[in-house]
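Asks: The structure that follows is given in the form of structure tokens.
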Amino acid sequence: MDIQIYNRNFDLTDSFREYLEDKFNSLDKYQEKIMSFNVNLSRNQKHNKGEIFTVEARVTLPQKQTIAIKETHSDPRAAVDAVQDKLSRQLVKYKDKNLSRWRKSARKIKSLKFWRRNQE
């Protein structure tokens with residue numbers, strides 16, 4: 001999976017890039033047909049409580065479906081973990097929804113009269 005990483009006011013080190021890729025490459029097991037995967041990293045320094053990191057992930061799936069998750073936290077790795085958890089839940093939900101549609105249509109086709117006559 002090709003992950004495009006954009007950063008603003010954020011120093012992206014090699015170790016953090018590897019951490020991002022490891023976390024988000026594990027999402028392949030939920031959905032194999034991911035068209036594009038964008039991650040936006042930003043740091044807000046003008047916050048009263050110190051630095052706040054924002055991680056936003058946008059996943060484009062087949063049939064023009066898009067899932068966007070945004071999470072803010074004081075630790076960038078915690079924000080990445082939260083985004084990864086939310087994305088995995090959304091991808092499982094999308095996969096189950098499409099699978100149930102396919103099964104529902106297959107049941108309708110099997111229940112048609114002409115299908116039963118040919119099978120007997």
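Asks: Within region 58-81, can you find the residues that are among the small types (Gly, Ala, Ser) and surrounded by fewer than 16 Cβ atoms within 10 Å (Cβ to Cβ)?
Replies: Ala68, Ser74, Ala78
Asks: Right, next: Can you pull out every residue in region 1-43 that is touching a Leu at 6+ places or on another chain (Cβ under 8 Å) and exposed (fewer than 13 other Cβ atoms within 10 Å of the Cβ)?
Replies: Tyr6, Arg8, Lys33
Asks: Name the single residue that is modelled with the lowest pLDDT among those in region 99-120 being under 30 Å from Lys23 (Cβ atoms) and not aromatic (Phe, Trp, Tyr).
Replies: The residue in question is Arg101.
Asks: Can you find even one residue in region 91-98 that is buried (at least 17 other Cβ atoms within 10 Å of the Cβ) and either among the β-branched types (Val, Ile, Thr) or closer than 18 Å to Phe16 by Cβ (or both)?
Replies: The answer is no, given that none of the residues of region 91-98 is buried (at least 17 other Cβ atoms within 10 Å of the Cβ) and either among the β-branched types (Val, Ile, Thr) or closer than 18 Å to Phe16 by Cβ (or both).
Asks: May I ask you to list the residues in region 1-52 that are over 14 Å from the mean Cα position of the chain (by Cα) and among the charged types (D, E, K, R)?
Replies: Within region 1-52, Arg8, Asp11, Asp14, Arg17, Glu18, Arg43, Lys46, Lys49, Glu51 qualify.
Asks: Hey, another quick one. Those residues that are of a type in the set (Lys, Arg) and either under 19 Å from Leu20 (Cβ atoms) or touching a Pro at 6+ places or on another chain (Cβ under 6 Å) (or both), I need them from region 40-74; list them, please.
Replies: Answer for region 40-74, where residues must be of a type in the set (Lys, Arg) and either under 19 Å from Leu20 (Cβ atoms) or touching a Pro at 6+ places or on another chain (Cβ under 6 Å) (or both): Arg43, Arg58, Lys70.
Asks: Related question: Looking at Pro62 and the list (1) modelled with pLDDT under 90; (2) closer than 16 Å to Ile5 by Cβ, which single condition is not satisfied?
Replies: Only one criterion is unmet by Pro62, namely (2).
Asks: Another question about this same structure. Hey, Lys46 hits all of (1) modelled with pLDDT under 85; (2) of a type outside the set (A, V, I, L, M); (3) surrounded by 12 or more Cβ atoms within 10 Å (Cβ to Cβ) but one; which does it fall short on?
Replies: Status for Lys46: all satisfied but (3).
The values are calculated or read from the model by the stated rules, or taken from the named source; none is laboratory data. All figures in this text were calculated on a predicted structure; none of them were measured in a lab. Don't worry about glycine lacking a Cβ; one is built from the backbone with ideal geometry, like all the others, and counts go over all protein chains shown.
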